[in-house]
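To start, the structure itself, in structure tokens.
The values are calculated or read from the model by the stated rules, or taken from the named source; none is laboratory data. The structure presented is a predicted model; accordingly, all values stated were derived computationally and were not measured. As a convention, Cβ positions derive from the backbone with ideal geometry for all residues, glycine included, and neighbour counts pool all protein chains shown. Just so you know, the surface numbers come from the protein's heavy atoms only, side chains and all, with ligands and any DNA or RNA stripped out. Shrake-Rupley method; radii C 1.70, N 1.55, O 1.52, S 1.80 Å.
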Amino acid sequence: MQTYDMKLHAAPFATIRAKTKTVEMRLYDEKRQALQVGDLLRFTNVDTGETLLADIIALHVYPTFDELYERFDKTALGYAENERANPNDMLAYYSQENIAKYGVIGIEIRLK
């Protein structure tokens, strides 16, 4: 069992803390390819330094964020009920080129 560190901005951190966001979305690059069910994620709020520890309970790999978004309820992905879930939101973090190169992963978590 390994522990991996991930940084989050305040809003997604808060939704994980509230246990509404249960899927963390990332590029499926070399770093994320090492993740396994049973490993731990330590999320750090980049604004406050607060941390949360979560178990990885499932890993879901897809070619694109569009497919990942189709698979999960928007609240599990961190959206509020009154927000529109848009896979293009992830382009703020990852380029189309890297998405095409690596694919994406939905990391299903449960807070410790």
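Ala76 satisfies every condition listed in (1) in a strand (DSSP E or B); (2) within 12 Å of the chain's Cα centre (by Cα) except (1). Looking at the stretch 77-97, is at least one residue open to solvent by less than 90 Å² (accessible area, probe 1.4 Å), touching an Asp or Glu at 6+ places or on another chain (Cβ under 6 Å) and at pLDDT 95 or above? Checked the stretch 77-97: at least one residue is open to solvent by less than 90 Å² (accessible area, probe 1.4 Å), touching an Asp or Glu at 6+ places or on another chain (Cβ under 6 Å) and at pLDDT 95 or above. How many residues does the stretch 1-35 contain that are in a loop (DSSP other than H, G, I, E, B), over 17 Å from Phe72 (Cβ atoms) and open to solvent by 60 Å² or more (accessible area, probe 1.4 Å)? So the count comes out to 3. For beta carbons closer than 6 Å, sequence separation of 6+ or different chains, a first residue in the stretch 93-106 that is touching a residue at least 24 places away in the same chain (Cβ under 8 Å) and a second that is assigned to a helix (DSSP H, G or I), the qualifying pairs are Val104/Phe65; Val104/Leu68; Ile105/Arg32; Gly106/Leu68.
Within the option set Asp73, Asp39, Asp55, Asp66, being open to solvent by 70 Å² or more (accessible area, probe 1.4 Å) and more than 17 Å from Asn98 (Cβ to Cβ) holds for one residue only, Asp73.
Entry remark, the stretch 98-112: residues being open to solvent by less than 90 Å² (accessible area, probe 1.4 Å) and either in a helix (DSSP H, G or I) or basic (Lys, Arg) (or both) number 4 in total. Of the residues making up the stretch 64-86, at least one is among the basic types (Lys, Arg) and free of Cβ contacts under 8 Å to residues at least 12 places away in the same chain. Residues that are within 12 Å of Gly106 (Cα to Cα), of a type outside the set (Phe, Trp, Tyr) and assigned to a helix (DSSP H, G or I) do not occur anywhere in the stretch 37-60.
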